[in-house]
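A short write-up of the structure that comes next.
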Amino acid sequence: WYQRRVRVDKVDSAETPFYKGKSLMDTMDEWPLIEHDLSIPMRMSVTGMCKVSGAGQVITGKVHTGLIKVGDAIESRPNEFKATVKSIEKFHKNEPEAYPDDNIGITLKGKSDDKVNNKKGDLIGADNTELTSVKRFKGLVVMTGVLKNDIQVGFKPVISTHTCRTAAVLASIDSIKERKTNKEVIDVRQSIKTGDRVLAEFQPEKPIAMENDKKYGLLTRFVIRNSNTTIGIGQCKGFVNDKYVKDLGAKIKNDAKGGVKKTKKK
């Protein structure tokens with residue numbers, strides 16, 4: 001009955017005498033338009049790559065900020081290369097440009113297909129706009145999920161940001177504030193509990209691409225997951241690539257055991 005009589009473009013009082021409001025389409029027309037600042041450098045998160053007959057190698061993704069046009073010079077991180085946009089396709093139609101929130105496919109020139117090795121999770125940006133491969137970063141995190149055990153340095157959850165997903169080691173804890181009191185408690189305990197607001201450093205197991213400037217919006221945000229459960233949400237506050245430590249997880253475990261390494265018997 002409901003599906004037969006309710007329309008989205010107009011309200012018929014004879015069919016729905018119980019409803020006196022506006023139609024769905026009239027309500028949607030009143031929604032405010034989202035205005036994007038096109039002066040912000042272009043950023044596009046990569047969702048995949050494919051080969052199309054007649055077009056060659058196509059990189060698919062979503063434009064988050066800025067404006068991308070045919071002929072623009074671009075660069076990629078963490079898989080590094082530079083090229084020029086040859087064509088832009090949106091909904092199977094060639095377009096001269098694309099705007100934020102557009103899902104597009106692009107082809108490149110100035111780089112052979114075998115050297116374009118983009119993967120899901122990469123970022124493409126306008127050339128010479130400080131796009132960075134991140135080896136270690138500082139983030140402000142709120143622990144929203146239920147934790148089975150307290151979290152300490154060395155914990156290795158999965159970090160998700162835009163289309164990127166990778167494991168990362170909790171490298172250090174700089175600040176812990178309790179949810180109820182909002183007081184600093186790092187001098188009392190070095191472990192993280194549910195509800196804590198934490199400033200900490202994370203080291204991904206492989207370089208990733210993200211942003212630390214609020215003007216890039218969601219590209220600064222990340223989610224922390226463990227055992228297929230979201231346990232925290234955060235925002236990147238800065239890059240600390242100079243603190244990168246090779247094999248950090250193993251080093252932390254070794255230090256926790258008193259620096260004693262196990263040797264295999266021959």
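The values are calculated or read from the model by the stated rules, or taken from the named source; none is laboratory data. Small disclaimer: the values here were computed from a predicted structure and weren't measured. Because the Cβ atoms are built from the backbone with ideal geometry, glycine has one as well, and the counts that use them run over all protein chains shown. Protein only, heavy atoms only, side chains kept; ligands, DNA and RNA dropped before computing areas. Shrake-Rupley method; radii C 1.70, N 1.55, O 1.52, S 1.80 Å.
Distance cut-off 23 Å, Cα to Cα: go down the list K86/K120; K62/K109; K120/K251; K138/K253 and report the pairs above it.
Violating the 23 Å limit, Cα to Cα: K120/K251.
From the backbone phi of region 50-56, what are the Karplus-calculated ³J(HN,Hα) couplings (6.51 cos²θ - 1.76 cosθ + 1.60, θ = phi - 60°) in whole Hz, Gly and Pro given as x?
For region 50-56, the Karplus-derived couplings read 8, 10, 10, 4, x, 10, x Hz, x marking Gly and Pro.
Of F155, F239, I106, which is farthest on the positive side of the dipole of the chain, counting Cα position, with +1 on Lys and Arg Cβ, -1 on Asp and Glu Cβ, and the Cα centre as origin?
Going by the charge dipole, the pick is F155.
How much of K193 can a 1.4 Å solvent probe reach, expressed as accessible area in Å² and rounded to 10?
Accessible area, nearest 10 Å²: 80 Å².
Please give the residues of region 197-224, grouped as numeric ranges, whose backbone N is less than 19 Å from a label point set 7 Å along the Cα-to-Cβ vector of T181.
Counting backbone N atoms under 19 Å from the label point, the list is 197-199.
Positive end of the charge dipole of the chain (Lys, Arg +1 and Asp, Glu -1 on Cβ, about the Cα centre): tell me which of L24, S133, N212 has its Cα farthest that way.
S133
Hey, what do the phi angles of region 88-99 turn into as Karplus ³J(HN,Hα) couplings, whole Hz, using 6.51/-1.76/1.60 and θ = phi - 60°, x for Gly and Pro?
10, 10, 9, 6, 6, 10, 6, 10, x, 7, 9, 10
Among A200, A55, A209, whose mean-square fluctuation peaks in a Gaussian network model of the chain (Cα, cutoff 10 Å)?
Highest fluctuation among the options: A55.
On a straight-distance basis, which lysines could pair with K22 in a cross-link, Cα separation under 28 angstrom, same-chain partners fewer than 8 positions away excluded?
K10
For V158, what is the net charge nearby, where nearby means another residue's Cβ is under 14 Å from its Cβ and Lys, Arg count +1, Asp, Glu -1?
In short, +3.
About the Cα centre of region 118-266, what is the dipole size in debye to 20, counting +1 per Lys and Arg Cβ and -1 per Asp and Glu Cβ, all else neutral?
900
Rounded to the nearest 10 Å², what accessible area does L199 show when all protein chains are kept and the probe is 1.4 Å?
50
Quick one: 3J(HN,Hα) in Hz for region 27-42, Karplus 6.51/-1.76/1.60 with θ = phi - 60°, rounded, Gly and Pro as x.
Result, rounded to whole Hz: 5, 5, 5, 8, 5, x, 6, 7, 9, 9, 7, 7, 7, 6, x, 5.
Tell me, what % of the accessible area of the chain is carbon and sulfur with a 1.4 angstrom probe? Can you show the working numbers first?
Numbers: 8250 of 16570 Å².
Carbon plus sulfur share of accessible area: 50 percent.
What is the local net charge at I233, summed over the other residues whose Cβ is closer than 12 Å to its Cβ (Lys, Arg +1; Asp, Glu -1)?
Overall, the nearby charge balance is +3.
For the chain, with every protein chain kept in place, what is the accessible area per residue (1.4 Å probe, Å²)?
Values: 16570 Å² over 266 residues.
I get 62 Å² per residue for the chain.
Label points 7 Å out from Cα along the Cβ direction at K51 and L218: separation in nm?
3.1
Select from L33, L108, L170 the residue whose mean-square fluctuation is largest in a Gaussian network model of the chain (Cα-Cα springs shorter than 10 Å).
Highest fluctuation among the options: L33.
Using the Cα centre as the reference, give the magnitude of the dipole from point charges on the C-beta atoms of the chain (Lys, Arg: +1; Asp, Glu: -1; all else neutral), rounded to the nearest 20 debye. Can you show the working numbers first?
Working: 49 positive and 34 negative charges, 383 e Å.
With Lys and Arg at +1 and Asp and Glu at -1, about 1840 debye.
Can you list residues whose amide H is under 5 Å from T194's amide H, if they're 5+ apart or on another chain and H is modeled 1.01 Å from N?
For T194, whose amide H was placed from the backbone, the distant partners under 5 Å are L147.
Using log10 I(q)/I(0) by the Debye sum over Cα atoms at q = 0.07 Å⁻¹ as the read-out, say which of (1) -0.38; (2) -0.26; (3) -0.32 was calculated from these coordinates.
Entry (1).
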